[in-house]
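One structure is given below, encoded as structure tokens.
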Amino acid sequence: MSKTSEWRAERNVAARARLDRALPAVFPGAVLRHALARPLIPPTPRLAIESYWRAHLLRADRLARALALRSGHPEGWTWRLGSIQDAGFKDSGLAATFRLPPSPFREPAHARGKGHCCLCGQPVYRFGWHRDLWGAGVPNKNARWHAACVTAWKLWVAPSDQVKLLKARQRHRCAASGKRLLRTAEVDHRVPLYRVWREHRNDPWPTLLGFWGTPNLQVVNRVVHVEKCGLEAGERAERRRAARPAAQLPDGADPEWRDPTARDEIAAD
Ligand SMILES: [Zn+2]
């Protein structure tokens, strides 16, 4: 046995013992099986759950969106952006850019209180699990996130980090050209996020999340991506030009008549 495998074997015996001691009588079976099959066994139930979701990213994405659907569109909520220059921006729960998924339950007016996930709004149970496997009847008051929602959020805000997984999901074919994906292939939002803000802003909130999740993520070869980004940038520049308040507007004309949406988009950039 090599030194490394000896070290690993010893470490795993200790980790397994620690995990066994901390493990409650009820624990998700799939998570435990996953944990015990790791080259390095996670030594706590919490780490076992995190490891499980990291390995099941697409499932975490689907689950987070399904939980959001259960919460539904918060009454009276609309997607707004904040500005870091605003007083109270930090506590507003608003994002400064449309590139981040809207999260209404982080806004004080819609927060669901302790024990509820600030992403999907549903109750959080032991170890950040989303179901009350323990029959506690009440959520875990100290928890603010589901373990699955943390994983989904990471994918939504930095999908490029998961290019390998997303490539495999497409069987290594470019989503635009159908050609084999090259090593330099890039992750792209099928519907670009600026258009989500412009055209889908009033969609129900759970539907909006799909624009950050796998339904709107694709991997394309770099050459295709550059071309798509170029077309999008051109279209945005055109709208900006049209939205710019022009000096030659007739007296009394409201410059906003041109395109208030494009104006917001400029503010949001
Ligand atoms: Zn959640």
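Of note:
- The lone criterion from (1) modelled with pLDDT of 95 or more; (2) farther than 30 Å from A111 by Cβ; (3) out of contact with any Pro (no Cβ under 8 Å at 6 or more places or on another chain) left unmet by G230 is number (1).
- Qualifying residue in the range 255-269 (condition: assigned to a helix (DSSP H, G or I) and at pLDDT 95 or above): no
- Unique residue being within 16 Å of the ligand (Cβ to nearest atom), out of contact with any Pro (no Cβ under 8 Å at 6 or more places or on another chain), assigned to a loop (DSSP other than H, G, I, E, B) and of a type in the set (A, V, I, L, M, F, W, C) when the list is C149, C118: C118
- Annotation note: of L165, L133, L182, the sole residue that is part of a helix (DSSP H, G or I) and among the aliphatic types (A, V, I, L, M) is L165.
- Qualifying residue in the range 153-163 (condition: closer than 20 Å to H200 by Cβ, more than 16 Å from the ligand (Cβ to nearest atom), hydroxyl-bearing (S, T, Y) and at pLDDT 95 or above): no
- Considered as a group, the residues in the range 160-191 that are over 15 Å from H225 (Cα atoms) and within 14 Å of the chain's Cα centre (by Cα) include one that is surrounded by the most Cβ atoms within 10 Å (Cβ to Cβ), and that residue is Q162.
- Residues (closer than 27 Å to T4 by Cα and surrounded by 15 or more Cβ atoms within 10 Å (Cβ to Cβ)) located in the range 23-41: V31, L32, H34, A35, R38, I41
- All positions within the range 200-214 that are assigned to a helix (DSSP H, G or I) and without any contact (Cβ under 8 Å) to a residue 12 or more places away in the chain: T207
- Of the criteria (1) more than 12 Å from C149 (Cα to Cα); (2) assigned to a helix (DSSP H, G or I); (3) free of Cβ contacts under 8 Å to residues at least 40 places away in the same chain, which one A109 fails: (2)
- All of S103, S71, S51 fail the test of being away from the ligand (no atom under 14 Å from the Cβ) and surrounded by 15 or more Cβ atoms within 10 Å (Cβ to Cβ), apart from S51.
- Matching option when the condition is touching a residue at least 60 places away in the same chain (Cβ under 8 Å) and not aromatic (F, W, Y), among A68, A37, A95, A143: A68
- Filter pass, R16 being surrounded by fewer than 17 Cβ atoms within 10 Å (Cβ to Cβ), more than 24 Å from R131 (Cα to Cα) and modelled with pLDDT of 95 or more: yes
The values are calculated or read from the model by the stated rules, or taken from the named source; none is laboratory data. Predicted model, so just to flag it, every value in this text is computed and none were measured. Virtual Cβ from ideal backbone geometry, glycine too; neighbours counted across all protein chains shown.
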